[in-house]
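Novice: Take this structure first; my questions come after.
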Amino acid sequence: MRTSLVLLSLLWSCVAWAQEERSEVFDRIYVIQKMETVVRGHIEIAPMAGYVANDPYFHQLAVGGNLGFHITEEWGLGGTFYQYFTMRSSFFSQVQRDYAIYPSNVHNEWSAGGWLTWAPIRGKVALYPLAIMHTRFYVKAGAGVLRTSTGLHPDGEVGLGLQLLAMSFWSVVVELSDQMYIEKYNARDEFKNQFLVRAGFSFLIPVL
Amino acid sequence: MRTTILSLLFLLTVSTTATAADVLEEPVLKNRRVYHADRHEITPILGFTLLDHYQHHVLIGVGYKYFIFDWLGVGAEALYAAPLSSSLKQDIEDGYGTVTVSTSKIQFMANAILELTPLTGKAMILSSVPFAYDFHVVGGAGFVSVKGEGSIEDRPGFAPMFGAGMRFYVTPGIAVSLEMRDYLVNMVEAGSIDALDKSAAFVHNVAFMLGVNFFLPYDLLTSKN
């Protein structure tokens, strides 16, 4: 009898302990989880590819990437380099045939520069019911040089980006940028806006 | 006695592992706010086409969707298109002086639409203002009315569409949507200086669309798990 009572009380305490553990686990799950430090103190290496979206005469593919450092969760800085691969579009020859117009054979060759990013919006997104991923929306500003078929030109760039952190050390990045420079044609100089769509992966390496 | 102790040890093992397994089987979100399921969405739309060679269009219309599930909505939209000449068209006409570039102009579009919303989330602006948002893809097809100029004939027809966008929730029942869509329209984009007949082809009409989504019922539901 005494032995049975001891065993019963042991069993009861185990059940109570399991219930308390479950309650403690769910007590730590908030509607909005505590903000985690996801990029601060990390070096970011981001191979990316891009496309010049608003050039009707050339298909211009950019291959390259970013190398940067995140000082805080909001601010980061770094450098960038892109090599361009270009091909005439069908519209280049179509406009010659239809209207005897001969577009300038000017296209990008490579670009390099520095940038600064600021991420005022940070959050999470749910691929329900599988996973929750961190997201960062950022604005980007930079300056550098752009080499086209007419020579080397200083350029400036502003853009928006979205970073989706799939795991703690890598993420998917999408950027929309406006690259501005002054192109020197034979007849005149012209201020140009090139809209670029870039996408790629980024790898985060903690250093601090 | 030995049997009793062994039975007790077995019970201890099963109870704790069952608790751990219960937690692992739980979905990543509990008591999730349901933003779409069983809700109607009415959206006034404003858009404009980008990357056009000869003719831009401003798109004005209205859309309706019903979300069967939180991730799936079906609906329709009707859009009126107002044409605007592109800078290339202006330059060609100014350069020649006596030439008018004949183009096709989209007048009206009506589409059936399917929306998939795989990702929903929450974010904070400057760590102080929370808001909900989602990513979605859309696809559809419908009727388009195209008016031709000069030697180009009018061409009503079938136009498939696909796109993607984001929705930002200002209140539980009102959101702002930003989308990029591609309307594939079978049309003759422009004539030529010698006015020879040109065959029609599917032309990409890439458009940026801004909408204000009004949801009914206004209040959000909470998932049962």
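Novice: Just the number please: accessible area per residue for segment B:103-225, 1.4 Å probe, all protein chains included, in Å². Mind dumping the intermediate values first?
Specialist: Details: 5670 Å² over 123 residues.
Per residue, segment B:103-225 has an accessible area of 46 Å².
Novice: Going by alpha carbons, how many degrees (0 to 90, nearest 10) lie between the helix axis of A:2-27 and the longest principal axis of chain A?
Specialist: 20
Novice: How crowded by other chains is A:113-124, given as the mean number of beta carbons from other chains within 10 Å of each beta carbon?
Specialist: Other-chain Cβ atoms within 10 Å of each residue's Cβ, averaged: 3.
Novice: Moving on. What's the ranking of A:81-88, B:162-169 by average number of surrounding C-beta atoms within 10 Å, highest first?
Specialist: The peptides rank, most packed first, as B:162-169, A:81-88.
Novice: Restricting to DSSP H runs of at least four residues, report the calculated mean residue ellipticity at 222 nm for chain B, -39500 (n - 2.57) per run over all residues, nearest 500 deg cm²/dmol.
Specialist: Rounded to the nearest 500, the figure is -5000 deg cm²/dmol.
Novice: Please name the residues of segment B:87-113 whose accessible area, counted over protein heavy atoms with a 1.4 angstrom probe, falls by no less than 20 Å² between the chain alone and the full protein assembly.
Specialist: The answer is B:LEU88, B:ILE92, B:TYR96 - residues whose exposure falls by at least 20 Å² when every protein chain is included.
Novice: Calculate, axis by axis, the spread of Cα positions in the protein assembly as shown along the three principal axes, and write the results as whole Å, longest axis first.
Specialist: That gives 112, 49, 38 Å along the principal axes, largest extent first.
Novice: Let me ask you something else. Other chains' Cβ within 10 Å of B:119-132 residues: what's the mean?
Specialist: Taking all residues of B:119-132 together, the mean is 5.
Novice: Next question, about the same structure. At a 1.4 Å probe radius, which order do B:HIS36, A:HIS107 fall into by accessible area, largest first?
Specialist: Numbers: B:HIS36 0, A:HIS107 40 Å².
The ordering from most to least exposed comes out as A:HIS107, B:HIS36.
Novice: Please work out how many pairs of lysine residues in the protein assembly as shown are eight or more positions apart (or on different chains) and have Cα atoms closer than 16 angstrom.
Specialist: 12
Novice: Charges at C-beta only: +1 for Lys and Arg, -1 for Asp and Glu. How large is the resulting dipole of chain B about its Cα centre, in Debye rounded to 20?
Specialist: 1020
Novice: Label segment B:98-159 by shape, choosing from rounded, prolate and oblate, from the square roots a ≥ b ≥ c of the eigenvalues of the Cα gyration tensor; if a/c is under 1.5 it is rounded, and otherwise prolate applies when a/b is larger than b/c, oblate when it is not. Present the calculation step by step, with values, prior to reporting the outcome.
Specialist: Values: a/c = 6.13, a/b = 2.35, b/c = 2.61.
Taking the square roots of the gyration eigenvalues as a ≥ b ≥ c, segment B:98-159 is oblate.
Novice: For chain A, take the longest principal axis of its alpha carbons; what is the angle in degrees between that and the long axis of helix A:90-99, to the nearest 10 within 0 to 90?
Specialist: Roughly 30 degrees, rounded to the nearest 10.
Novice: Also, quick follow-up: When a/c is below 1.5 the answer is rounded, else prolate if a/b is larger than b/c, else oblate, so apply that to segment B:145-196 with a ≥ b ≥ c taken from the square roots of the Cα gyration tensor eigenvalues.
Specialist: prolate
Novice: Let me ask you something else. Express in Å², to the nearest 10, the accessible area of B:HIS204 obtained by rolling a 1.4 Å probe over the protein heavy atoms while all chains stay in place.
Specialist: About 110 Å², rounded to the nearest 10.
Novice: Strictly greater than 30 Å: what percent of every Cα pair in segment A:42-206 meets that?
Specialist: Cα-Cα pairs in segment A:42-206 separated by more than 30 Å: 26 percent.
Novice: Quick one: accessible surface of A:ILE71, probe radius 1.4 Å, all protein chains present, in square angstrom to the nearest 10.
Specialist: 90
Novice: With everything on Cα atoms, drop me the angle between helix B:2-25 and the longest principal axis of chain B, reported from 0 to 90° to the nearest 10.
Specialist: Helix B:2-25 and the main axis of chain B meet at about 20 degrees.
Novice: Which value, in square angstrom to the nearest 100, describes the accessible area buried between chains A and B on both sides, using a 1.4 angstrom probe?
Specialist: Buried surface at the A/B interface: approximately 3600 Å².
Novice: While we're here: For segment A:142-156, what does the Karplus curve 6.51 cos²θ - 1.76 cosθ + 1.60, with θ = phi - 60°, yield as ³J(HN,Hα) per residue in whole Hz, taken in order and with x for Gly and Pro?
Specialist: x, 8, x, 10, 10, 9, 10, 5, 9, x, 9, 10, x, 9, x
The values are calculated or read from the model by the stated rules, or taken from the named source; none is laboratory data. This structure is a prediction, so every number in the text was calculated from the model and none was measured. Positions of Cβ are generated from backbone atoms using ideal geometry, with glycine treated the same way; all protein chains shown enter the neighbour counts. For accessibility, only protein heavy atoms count, side chains too; no ligands or nucleic acids. Shrake-Rupley method; radii C 1.70, N 1.55, O 1.52, S 1.80 Å.
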